[in-house]
1. Take the residues of the range 60-101 that are touching a strand residue (DSSP E or B) at 6+ places or on another chain (Cβ under 8 Å) and part of a helix (DSSP H, G or I): which is nearest to residue 199 (Cα to Cα)?
2. Restricting attention to the range 370-401, which residues are within 13 Å of the ligand (Cβ to nearest atom) and modelled with pLDDT of 95 or more?
3. Starting from residues that are free of Cβ contacts under 8 Å to residues at least 60 places away in the same chain and near the ligand (Cβ under 10 Å from one of its atoms), keep the ones in the range 308-332 and report whichever is surrounded by the most Cβ atoms within 10 Å (Cβ to Cβ).
4. Going residue by residue through the range 293-308, is there one that turns out to be under 25 Å from residue 87 (Cα atoms) and more than 28 Å from the chain's Cα centre (by Cα)?
5. Can you pull out every residue in the range 298-325 that is within 29 Å of residue 73 (Cβ to Cβ) and part of a helix (DSSP H, G or I)?
6. Tell me whether the range 40-54 contains one or more residues that are in a loop (DSSP other than H, G, I, E, B), touching a strand residue (DSSP E or B) at 6+ places or on another chain (Cβ under 7 Å) and either away from the ligand (no atom under 16 Å from the Cβ) or over 28 Å from residue 319 (Cα atoms) (or both).
7. Mind checking which residues of the range 280-290 are farther than 20 Å from residue 368 by Cβ and in contact (Cβ under 8 Å) with a residue 60 or more places away in the chain?
8. What single numbered condition from (1) in contact with a helix residue (DSSP H, G or I) (Cβ under 6 Å, 6 or more places away or on another chain); (2) modelled with pLDDT of 95 or more; (3) more than 16 Å from residue 181 (Cβ to Cβ) fails to hold for residue 265?
Ligand code: CMC
């Protein structure tokens with residue numbers, strides 16, 4: 001954990017208040033990489049003012065040693081290791097260990113970690129009843145939010161965040177059970193029997209087995225497909241303080257149990273501006289349908305008065321090609337080749353859309369490049385996942401990032417409950433209005449017709 005005193009620089013940043021003529025020195029804290037930050041923790045106490053930064057575009061909400069992103073250069077590193085190297089040389093469970101514990105595991109530690117995860121893959125049998133309570137056509141992300149939140153009702157021996165052992169068991173349980181929970185959500189939605197995990201399979205293969213095998217036939221899958229699934233999980237493992245991770249941290253800052261915190265992260269991930277974009281990309285490409293329609297959609301994306309956005313394009317942090325998208329694009333080609341689906345008409349639309357957008361002044365000027373979600377849908381679609389499952393797969397991969405960030409926060413000695421303030425723009429104090437004098441509003445014209 002960063003020691004602020006050590007990292008404080010001699011230089012500071014001076015704020016000058018024109019109205020009072022007073023100046024305030026703000027200490028500057030230096031990170032090991034990336035921009036320095038202004039330490040404003042005493043700002044309110046000293047000036048009576050808050051900072052204002054909706055969407056946190058200039059705010060570091062915490063310090064962290066897990067993931068580093070340089071958005072201008074298109075760099076992503078976990079614990080100092082470049083994502084390209086991890087995606088090509090490591091397997092997902094190794095990356096999980098790295099995120100949780102800070103270093104790549106020795107061969108012995110790797111084996112022990114795999115054994116621990118493998119031994120937690122089953123879920124409490126009573127949870128099956130919970131699945132049956134959902135409507136058959138429930139979105140699998142809705143099921144994920146419910147079932148993961150419900151884990152806290154089943155695993156009481158790992159809900160006490162203040163106990164180091166319970167924390168670790170919760171981390172292992174979440175990483176181990178997430179594929180089982182996701183696969184069951186899928187099986188439920190298509191009316192097939194749940195498939196129990198098989199502990200002699202790798203993490204990715206076991207997930208594919210629980211998802212696609214049926215009791216009546218032998219399950220066979222190509223190692224290339226297993227590798228692609230594993231790489232998909234690696235590419236989604238962590239991404240610094242994004243919306244869902246910040247949600248997990250904020251929920252956890254109150255001392256909420258880890259299962260509830262991860263459920264809140266899943267809810268945040270679901271939105272189309274975040275993890276829901278992989279589903280939205282395929283829907284958009286299907287809607288575009290043919291390369292001849294691309295110019296019309298590019299025009300729509302550029303129109304300020306049209307809410308349409310090019311899904312899978314743009315990123316809050318990356319102002320360059322998302323490094324995960326480069327690997328994902330390669331992987332998509334490999335998978336389509338392996339499954340003999342390289343003539344997928346949607347891929348043709350995607351490649352052409354990418355080419356046109358990258359040459360378009362609007363996208364160049366706003367630095368909008370393909371992100372991780374632009375090509376990931378092709379892999380998942382080719383493997384046979386319905387689009388509604390795409391964000392579930394993102395959630396399975398991201399669980400290790402959420403739980404590592406949660407653990408880092410809990411173990412940080414300066415951990416405080418997250419409590420942002422606001423710029424109040426509402427009514428000032430006014431007299432209570434008697435019912436008979438209140439004006440009729442028109443809000444019910446469209447509600448509950
Ligand atoms: N298509 C068209 N215009 C866009 C797009 C897009 N995909 N993305 C951003 N812009 C424009 C936007 O209209 C704005 O224009 P102006 O400055 O004229 O108002 C400008 O670019 C900056 O956009 P912003 O919304 O202020 O940027 P942001 O950092 O708040 O949003 C984003 C980032 C990812 C939500 C946004 O780029 C977007 O909605 N992309 C599509 C959804 C998507 O692919 N999401 C997946 C993100 S990566 C995976 C993950 O982390 O979950």
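The values are calculated or read from the model by the stated rules, or taken from the named source; none is laboratory data. What you see is a predicted model; the values in this text were computed from it and never measured. Positions of Cβ are backbone-derived with ideal geometry, glycine not excepted, and every protein chain shown enters the neighbour counts.
1. Filtering the range 60-101 for residues that are touching a strand residue (DSSP E or B) at 6+ places or on another chain (Cβ under 8 Å) and part of a helix (DSSP H, G or I), the one nearest to residue 199 (Cα to Cα) comes out as 95.
2. Within the range 370-401, the subset within 13 Å of the ligand (Cβ to nearest atom) is 370-377, 390-391, 393-395, 397-398, 401.
Across the range 370-401, the qualifying residues are 393, 394, 395, 397, 398, 401.
3. In the first step, residues of the range 308-332 are kept if they are free of Cβ contacts under 8 Å to residues at least 60 places away in the same chain; the result is 308-310, 314, 325, 329-330, 332.
From the residues that got through so far, the ones that are near the ligand (Cβ under 10 Å from one of its atoms) too are 308-310, 314, 325.
Numbers: 308: 13, 309: 17, 310: 22, 314: 20, 325: 25.
The residue in question is 325.
4. Taking the range 293-308 first, the residues under 25 Å from residue 87 (Cα atoms) are none.
Scanning the range 293-308 turns up no residue that is under 25 Å from residue 87 (Cα atoms) and more than 28 Å from the chain's Cα centre (by Cα).
5. First pass over the range 298-325, keeping only residues within 29 Å of residue 73 (Cβ to Cβ): 298, 301-302, 309-325.
Matches in the range 298-325: 298, 301, 302, 323, 324, 325.
6. Pass one, the range 40-54, residues in a loop (DSSP other than H, G, I, E, B): 40-42, 48-53.
Okay, now just the ones that are also touching a strand residue (DSSP E or B) at 6+ places or on another chain (Cβ under 7 Å), so 40.
If we keep only those that are either away from the ligand (no atom under 16 Å from the Cβ) or over 28 Å from residue 319 (Cα atoms) (or both) too, we end up with 40.
Taking every residue of the range 40-54 in turn, at least one turns out to be in a loop (DSSP other than H, G, I, E, B), touching a strand residue (DSSP E or B) at 6+ places or on another chain (Cβ under 7 Å) and either away from the ligand (no atom under 16 Å from the Cβ) or over 28 Å from residue 319 (Cα atoms) (or both).
7. At the first step, the residues of the range 280-290 found to be farther than 20 Å from residue 368 by Cβ are 286, 289-290.
286, 289 - these are the residues of the range 280-290 that are farther than 20 Å from residue 368 by Cβ and in contact (Cβ under 8 Å) with a residue 60 or more places away in the chain.
8. All conditions pass for residue 265, except number (3).
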